[in-house]
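The values are calculated or read from the model by the stated rules, or taken from the named source; none is laboratory data. Please read all numbers here as calculations on a predicted model, not as lab measurements. Cβ placement follows ideal geometry from the backbone for every residue including glycine, while neighbour counts extend to all protein chains displayed. Each accessible area value is taken on the protein alone, full model and side chains, heavy atoms only, with ligands, DNA and RNA left out. Shrake-Rupley method; radii C 1.70, N 1.55, O 1.52, S 1.80 Å.
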Amino acid sequence: MDITTILKAIAPTVGVALLGPLGGAAVAAVGNILGIDAPTQAKIKDAMLAGQMTGEQVANLKGLELQYQAEEQERGFKYADLAFQDRNSARDREIKTGDNTNKVLAFIVVGAFIAMVGATLAGYAKVESVLAGTLVGYLSAKCEQVLAYYFGSSKGSEQKSVLLAAANPVKA
């Protein structure tokens, strides 16, 4: 069982907010309910998975759920849509302004990554030092961000990563 399963059962809107772009406020609120000093998602997860939530804490989480649902109604948005709206606003900005900066940077980042990998595989560059390895890792991550920006990244992929990280390894 993981934190999302627990929150879906008790307070689904809070769970979505906790893992979304406004997660800081939700982390603070849930951490306060659970009595966690300097709350983080990891500390909240540990506290919830310990299975020692009191009835009062569960009731307070349900109260927070009702508050978040009321905020969604009042403000006219859903926490689940915020990440999608954030991505779309960046793409809409690019369309409206006609600015080519993002495209130029994307070509530079992807081109640098391809050149670095090609040079390494061809033997022109040696990736033996920590600095060179860090550079390849950095370019790889930035290339992934560029591709996700232009071709999209699925929420399912993000959830898969979270589930894999939380999975208990099978011992042979």
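Worth pointing out:
- Lys8 - accessible surface, heavy atoms, 1.4 Å probe, Å² rounded to 10: 150
- Electrostatic tally near Thr120: other residues with Cβ closer than 14 Å to its Cβ, Lys and Arg +1, Asp and Glu -1, net 0.
- Residue order by solvent-accessible surface for Ile114, Ile44 is Ile114, Ile44, largest first, with ligands and nucleic acids left out and a 1.4 Å probe.
- Over 32 Å (Cα to Cα) - which of Lys45/Lys126; Lys45/Lys142; Lys96/Lys142; Lys62/Lys142 fall in this group: Lys45/Lys126; Lys62/Lys142
- Projected label distance in nm at Leu135 and Val110, using a 7 Å step from Cα toward the beta-carbon: 2.3
- Nearest-10 value in Å² for the accessible area of Tyr138, using the 1.4 Å probe: 130
- Solvent-accessible area of Glu128 with every protein chain in place, 1.4 Å probe, in Å² to the nearest 10: 150
- Residue order by solvent-accessible surface for Val14, Val58, Val104 is Val104, Val58, Val14, largest first, with ligands and nucleic acids left out and a 1.4 Å probe.
- Taking label points 7 Å from Cα along the Cα-to-Cβ direction, Asp37 and Lys126 give a separation of 5.1 nm.
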